[in-house]
Structures are given as structure tokens and as C-alpha cells.
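Below: the structure, in C-alpha cells.
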Amino acid sequence: MTLEQWELNKDQLKRWCSPEELEFETTEQIEPIENIIGQERAVSSMKFGLKVKKKGYNIYVTGNTGTGRTTYAQSIVQEQARQEKTPDDWCYVYNFDKPDQPIALSFPSGMGREFQKDMKKMIEVLKIDIPNTFEGEGYEKEKTEIMQEYQKKTGKLMDELNDKAKEQGFILKRSGGGFVTTPIIDGEQMSQKEYEQLDEQTKKEIEEKSNQLQVLIMEYIKKIKNVEKKIRSKIEILDKKVGLSAAEIHFDELKSKYKDCCRDDEKSQKVIQYLESVQEDILENIDKFLSDETDQDSNPLLVISKMDKESYMYKYDVNLLVDSSSLEGAPVVCECNPTFPNLVGKFEYQNQFGTLRTDFTKIKPGLLHQANGGYLILDVNDIFNNPYSWHALKQALKSNKLTIETLGEIYGGLSASGLKPEPIPLQIKIILIGNSYSYYILYNYEEDFKKLFKIKADFDITMERNVNNYKNVLGFISYHCNKENLKHVDASGVARIIEYSSRLAEHQDKLSTQFNDLVEILYEADVWASIEGDDIISEKHIKKAIQQKRYRSAMYRDKINEMLEEETILLDIEGEKIGQVNGLSVINMGDSSFGRPSRITATVFSGQDGIINIERETKMSGSIHDKGVLILSGFLGERFARKNPLSITANICFEQLYGGVDGDSASSAELYAILSSLAEIPIKQCIAVTGSVNQKGEIQPIGGVNQKIEGFFEVCRRKGLNGKQGVIIPHQNIKNLMLADQVIEAVQNKMFHIYTIKDVDQGIEILTGIPAGQRDEKGEYPEGTVNYMVEQKLKYFAELQKKDGEE
């Protein structure tokens, strides 16, 4: 048996990119590529989703941050929007029949603002024309005739009343409370003194006549009021006629202009009906357009304050809610703060004498209004971070209507506004951007989500590493160099970027599509080139940028390595130990991740408890790690307990680990420690292990293989390479190797070794130098093999348990 059969050579540890493969000098010669690359599936889904105009075909864009999903979504949506028609303008106007329910009017793009200006101009003109018309000779003549008729009729009635009063022996006098009756004697008014000197019978007769006269007075007052009512009606008819003569021409012009303003006859008719309502209201309230002096002259029974008039005029304003005049095509709205009011619109309030007041002119549009007829791009996390926004968005999409409401109205509270604006039809496509986790949460737990977002555009984190994508990466680099005014990159620099991209993708045949990481390296390499006075970014600048980026985030890693070097954290990299093996794990710090070797120990003895995971018992173990440990019991049971019971208690522990552990990549290392302890065979401490194991003893691939190898290599380098150290990895992880140059150099110089295995037997042979052993025709393991010694120990434990049971 030789270790060479499982050892990798340097050509297997990384896939290099030669500058000669690229066939160019600098990216300045390369045609820039602005479009997204390496996302054919997502691009196809987006293009299809944008073409489907049916209800429910909104788009959820999923993928990791940095894959260009947001930038691409914005660019392709804007491109599609430019090809579509510009949506209508929307206005809110006063509802003269139901003032608390403002009316929504739509106009072709640009005509909403024009209608607003026309209405304002017309009202200003009427404020001048109507008073001028009322000051004309014709109006004054007719008004005078009506007032003369009033005076004539009321005078006649008063004469009749006075005559009848005289017949009864009284004279009538006006007072603040009505008419006062005064008795007369011999044609002269009776004084109070004379009245007091009358006998009681005479006084009683006078009082009875006075009461009868009061009844008659009430009848005549009623007649006078009827005359006043008729005269008032005539004045109102006159005012309307005169007002109409001043206003009719202006309204006819507007009606003629807007009668066919919309392609939809119903919408045009709605505008005409509104203009007719305005005209009728102005004629009904013509006094609001007259000056105070004119009011008093024309109608002395009514006095209107100037403030009341000014506040009354707001009813004729036009609230231009959505103005599409500046758009070319459909609107595209991107927002990072979709609060409930920002999304559906809101009412603004004005403080008047200590009271908050609102009206239809203070209705403000939301994002859905602004994007109506086009596209709204939202981040799902922003939706989740704003209470009630998801509910509002969902309800709008389900109803295809935009209803402006307050939260109090929706959730059963009192409405602060008192307004219920007419809903606006909604025709919109929503593009939600988020990660896969949010997508599946919504898909599985929000029943309406799958009905409303039927298109999923999934952005991958990797793409194939081939010649075509080399060209795409070159175009991408060229574009960003031009866009951000960076120095261009030569072939050696691009080759290192491609290698770095494969490292990010953790695959020799893949490139990363998380282009933000590549752009950061470009920015930083540009700075290093400037510091060194170079005009072109080359290999050394790219390497420097990558190295410094890792260095800035490596303080915790270096502290761990210092403790390993100083043996504050115990780890043997020489000699042999029974029941002890070096496992490899990855610590993820968010902005960086690195491998950390850990000592794993196992102790075994006779018992019935099986394998005890000390981390699990202390609640420091994750569920995946627990599963990996439980699999070990399945492996031991199938391999060694078919004839005898598995009478064993084994304790497994990650030594000096205080932050918890998860994942099953250490399960093979834990198994080796148990086998070593059972067989009492020492394990080489110069070799570290990673890889998960199944119940059949097959080694399974793991993640973070590069960090794990480099982590153990760094410890060996600090303590001193002796030519025997190395790591064991699953054979499936060969394609994931993109190791650092210093590791590859050490492997080439036979100072460090990387072994790949397919099953547990191969791993235990490398670690112990003893054959694992295979069962012969009789089903027995050959003596001197690891499996034989393990089986013998388990038989011994079983016999002890049997003997204890008998005793």
C-alpha cells in the first residue's frame, strides 16, 4: 500500500488561466458589455414575464446579492417600458353631490395638467367677468324693477293693514319685535296716561280689539313674506341668468375642448358631467363671485364674508394626482421605502384654528399611482420591514383598484380624513427582488402569493467557465473600466480575475456571477496601480488587491492561528495518538471565512449508551451535526453488529470549542477517532480530515474545501512544515479546488500532501498506515487489519455485557 495512489498533484489543485488564452493586450481593446452575463435562465424568465400582460403575472426576482439582479431588472424593465404607451393622467375633483367622495378623472398624457390650468384660468376669469356683468345697466335695471315691484306690493299690503287698523281704532308702529298697536281717540294717539284713566270695561274692549288686530297683522306679515320669497326667487333667477351669460361661453369652450379628450367615451362623458356640475354650482352660488358691495346691493338679505368666499373657491380646484407628461413610454418606479402611505397614497392635513383639516386637494399619490400603467420595482425586505405594506400591495393587485385609505379605516378604527376618494383602476406589473428563502416563505405560507407572482426569475451564483464567458468577463471589465474611469487591465490581470472568480464559485469549471466582488477587486487594484505609478492594472495589482482584501478581514483568523502556534489551543501536527484526530471546519465571519483545524477526541468503553455527542448534550451542536453523529451508529451497527449486539458507549468531543458546531463535514473524522479508540491503533496527527460519511461508509463531499485545506496548511507552516503533513478530502471535491499559490508550491515540493478518498477504509489506512481489511469468504476480517481489531473489541464488550447480565 502506498499513499501516492490517493495523493493529488499540483495540476489538480487549481485550474489556471493563461494570459495567452485570452489573446489581447489590455481591456481597452475589448468591446464593452453592459448587459447581464451568465444568467440565461433568469433573462429568459424576465423577458417572458414582461411580455405577459395578464393578471397575476408579476415577477419575483430571486438570487444572491451581488449577482446583478437589481441592476438588470431595472435596465430590462426600462427598455421594455420605452416601447409601451404612456399611461393616462389622473386628477381628483370635487364631488358636488357627495363632497366626501372625490371624483377621479383621467386624461391622455399631458392633458391632465392642461385641464388643471384651464379650470384655474376659467375661475379667475369668472371672478372678474361675473361682477362686471352684475354691474351692467341691464342687470341694474331689471333688479330695480324687481325691487320696485317688491316695494309696491309690500307698500300696498302695509296700506291695507294700516287702514284696517284705523277702522279698529289703532295706529301701527314698527319696532324691533314687529308691529306695536296704539289706540286712537278722536283721531289722536292715546297716551299712556290717558289709557290709565280709562275704566276697566273700556280697557278690556281695547285689549280685545288689539288681540284681534294682532291676528290680522300676522296674516299680513305672512303675505309680505310670501312677496319677499317670490321677489327673492326672481332675484335668484335674474342672478342665474346674468351669471350664465357671463359663464356660459367659458364652459362651452371647455366642453368643446374636452368632449372627445379620451379614447374611452365614458371617460370623456365623465369630464363633461363634471364641467356641468361646476357650472350649476357656480350659478347656484353666484354670490360667492360678487364683491361685498355688489352682494349687499343685489341682495341685502345676504352678507358673505370675504374669507368664506376664498375658502369656498377650493371646490373648483383640480388635484393633478398623476402627471405623465414628462414620460416617454410607461413609468418605471424603483423605491426603497415602501411604507403604507408611500405605497397607496395619503391625505395631508392643514391646521386651521387648532383643527386639522383635509380635502380632495390634499390627496397625495403613492408609488402604485406613479407606476400605474407601468412597472414598480420593490425589494421584498423593504416590504417586510414596513408593517401593512404587503397587505396593501396584495389587496391592490387582487382588486385591480387603487383605493386611498388610512390604517384606521382598514383596521376598524375611525377615519381621520373623512374622505373616500373614488378608486382608480390599476394596471401594473410588480417586480419583487429578494432571496430564495423569502420566496419560499411567501410561496408556502402566503396563499395569494402564488396567484399574484406567477413568474420566477432565478439568478444563479455561477456560470460555466468557457471561452464564451471569458469574452463576457472581458467585456464586463472593459465596461466598468470605462464607466468608472478605471485603468484598463492587461491579460495577466484578467487571468488572475478569472482564477479569483472560480475561487469565489468554488469550482474549477465555473465562474462566479457575483460581480460585485469582482468590481471591488477592480476598484482596489486601480488604487494599487496608482500608488505604484502604473498606467495599466496587471497581475501584481490584482494579487495585491485580493491579498489586502483578505488581510483587512483576517484579524480573528490570525488570532486563532496565534493561539494554535502558542499552543493555547491544543493541536498536534506530529506524532500519533489513539482516539484523536484533527478535523477541519470553516468559520464564517460574514465578510470573510477561513478554515480552522480542531482536535476531535473519542473515548469508548463497554456500555449501552451508544455514541454520545458531548456538543449535543451541552446544547452546542446544530441539527445537521447531530444527524452526522447518529449516522455513525448506523455504520457501526451494520458493519460490526450483525452477529453480536453493539454494546458500546462512545463519547465524541470537539476539544476547546466554545462557540457551537454544526454541519456534518466532521462525521468521517469522528468515525476515525472511534475506530482508532476501539482498535487501539494510533492516528497520524500530521494529517487532518474533512468529509461527511453515510451509513454505508461512503465519503461524501463538503463545502469550504479550499478554506479548510488552507487553514490546516497555515498552522503547519507556522509550526514548521516537515514533509509529512497533509489533509484528506472527499474525491468529489477535487473539482472544487482553487487553492492559494503557496499551498500548491508546498505540494509541488512534497512538503504538504492532499489525499482524496471514496470510503472510510481508504481514510483509516492513510491515517494509521494499517490496512482496513475486507471480509473473506467466511465473512471474517483478516487478522492485523483495523476492522478485525475493531470487531474483536466489540465482541469483547458484548461478552462483558452478557456476563454482567447473567450476574
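I'm checking my understanding of the structure. Among residues of segment 719-736 that are in contact (Cβ under 8 Å) with a residue 60 or more places away in the chain and part of a helix (DSSP H, G or I), which one is nearest to the chain's Cα centre (by Cα)?
Top of the filtered list is N736.
Looking at segment 11-31, is at least one residue assigned to a loop (DSSP other than H, G, I, E, B), closer than 30 Å to I433 by Cβ and open to solvent by 50 Å² or more (accessible area, probe 1.4 Å)?
Yes, segment 11-31 contains at least one residue that is assigned to a loop (DSSP other than H, G, I, E, B), closer than 30 Å to I433 by Cβ and open to solvent by 50 Å² or more (accessible area, probe 1.4 Å).
When you scan segment 572-593, how many residues do you find that are part of a loop (DSSP other than H, G, I, E, B), more than 19 Å from R718 (Cβ to Cβ) and open to solvent by 80 Å² or more (accessible area, probe 1.4 Å)?
2
Considering each of K696, K627, K684 in turn, give the residue that is closer than 30 Å to M751 by Cβ and either of a type in the set (D, E) or open to solvent by 20 Å² or more (accessible area, probe 1.4 Å) (or both).
The conditions single out K684.
So which residues in segment 746-774 are over 48 Å from the mean Cα position of the chain (by Cα) and under 16 Å from F713 (Cβ atoms), if there are any at all?
The answer is A746, V747, Q748, N749, K750, M751, F752, H753.
Any idea which of S647, S598 is in contact with a Phe, Trp or Tyr (Cβ under 7 Å, 6 or more places away or on another chain), open to solvent by less than 10 Å² (accessible area, probe 1.4 Å) and over 21 Å from I764 (Cα atoms)?
Going through S647, S598 in turn, the sole match is S647.
Quickly run through segment 44-69 and pick out the residues that are surrounded by fewer than 21 Cβ atoms within 10 Å (Cβ to Cβ), under 25 Å from R465 (Cβ atoms) and in contact (Cβ under 8 Å) with a residue 60 or more places away in the chain.
Passing the criteria: S45, N64, T65, G66.
Within segment 326-337, take every residue that is farther than 21 Å from P425 by Cβ and assigned to a loop (DSSP other than H, G, I, E, B) and give me the one that is least open to solvent (accessible area, probe 1.4 Å).
Checked segment 326-337; the qualifying residue least open to solvent (accessible area, probe 1.4 Å) is N337.
When the residues of segment 104-125 are filtered to those that are closer than 13 Å to Y316 by Cβ and among the hydrophobic types (A, V, I, L, M, F, W, C), which remaining residue is surrounded by the most Cβ atoms within 10 Å (Cβ to Cβ)?
By that ranking, first place goes to F115.
Please determine, by comparing only the residues of segment 444-462 that are open to solvent by 20 Å² or more (accessible area, probe 1.4 Å) and not in a loop (DSSP other than H, G, I, E, B), which one is nearest to L397 (Cα to Cα). Talk me through it step by step, then tell me what you get.
Applying the first criterion (open to solvent by 20 Å² or more (accessible area, probe 1.4 Å)) to segment 444-462 yields 444-447, 450-451, 454, 456, 458, 460-462.
Pick out the ones that are also not in a loop (DSSP other than H, G, I, E, B) and you get 444-445, 450-451, 456, 458, 462.
Details: N444: 19, Y445: 18, K450: 12, K451: 10, K456: 17, D458: 22, T462: 34 Å.
Among them, the one singled out is K451.
Just checking, does segment 533-541 include any residue being open to solvent by 60 Å² or more (accessible area, probe 1.4 Å) and closer than 28 Å to Q685 by Cα?
Checked against the condition, which is being open to solvent by 60 Å² or more (accessible area, probe 1.4 Å) and closer than 28 Å to Q685 by Cα, segment 533-541 yields no hits at all.
So that you can scan it fast, the table gives a plain yes or no per residue for (1) on the phi < 0 side of the Ramachandran plot; (2) open to solvent by 50 Å² or more (accessible area, probe 1.4 Å); (3) modelled with pLDDT of 95 or more; (4) not in a helix (DSSP H, G or I):
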residue: V519; (1), (2), (3), (4): yes, no, no, no
residue: K549; (1), (2), (3), (4): yes, yes, no, no
residue: E562; (1), (2), (3), (4): yes, yes, no, no
residue: L570; (1), (2), (3), (4): yes, yes, no, yes
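Among what's in segment 262-273 and is open to solvent by 10 Å² or more (accessible area, probe 1.4 Å) and not in a loop (DSSP other than H, G, I, E, B), pick the residue that is modelled with the lowest pLDDT.
Kept after step one, since they are open to solvent by 10 Å² or more (accessible area, probe 1.4 Å), are these residues of segment 262-273: 262-267, 269-270, 272-273.
Narrowing the set further to residues that are not in a loop (DSSP other than H, G, I, E, B) leaves 265-267, 269-270, 272-273.
Working: D265: 77, E266: 84, K267: 84, Q269: 89, K270: 90, I272: 90, Q273: 92.
The qualifying residue modelled with the lowest pLDDT is D265.
Filter segment 776-795 for residues that are of a type in the set (F, W, Y) and in a helix (DSSP H, G or I) and give the result.
Of everything in segment 776-795, just one residue is of a type in the set (F, W, Y) and in a helix (DSSP H, G or I), namely Y788.
Give the residue that is nearest to the chain's Cα centre (by Cα), with candidates limited to residues of segment 70-92 that are open to solvent by less than 40 Å² (accessible area, probe 1.4 Å) and either over 30 Å from K120 (Cα atoms) or among the basic types (K, R) (or both).
Top of the filtered list is A73.
Confirm whether S291 is at pLDDT below 70 and not aliphatic (A, V, I, L, M).
Spelling it out, S291 is indeed at pLDDT below 70 and not aliphatic (A, V, I, L, M).
When segment 251-261 is examined, which residues are found to be at pLDDT 85 or above and either open to solvent by 80 Å² or more (accessible area, probe 1.4 Å) or touching a Gly at 6+ places or on another chain (Cβ under 7 Å) (or both)?
Answer for segment 251-261, where residues must be at pLDDT 85 or above and either open to solvent by 80 Å² or more (accessible area, probe 1.4 Å) or touching a Gly at 6+ places or on another chain (Cβ under 7 Å) (or both): E253, K257.
Condition first: in a helix (DSSP H, G or I) and open to solvent by less than 50 Å² (accessible area, probe 1.4 Å). Now tell me which residues in segment 179-232 satisfy that.
Here is the first cut: in segment 179-232, the ones in a helix (DSSP H, G or I) are 192-197, 200-232.
The answer is T202, K203, I206, S210, L213, L216, I217, Y220, I221, I224, V227, I231.
The values are calculated or read from the model by the stated rules, or taken from the named source; none is laboratory data. Since the structure is predicted, the reported quantities are computational estimates derived from the model, not experimental observations. Ideal geometry is used to build each Cβ from the backbone, glycine not excepted, and the neighbour counts take in all protein chains shown. Just so you know, the surface numbers come from the protein's heavy atoms only, side chains and all, with ligands and any DNA or RNA stripped out. Shrake-Rupley method; radii C 1.70, N 1.55, O 1.52, S 1.80 Å.
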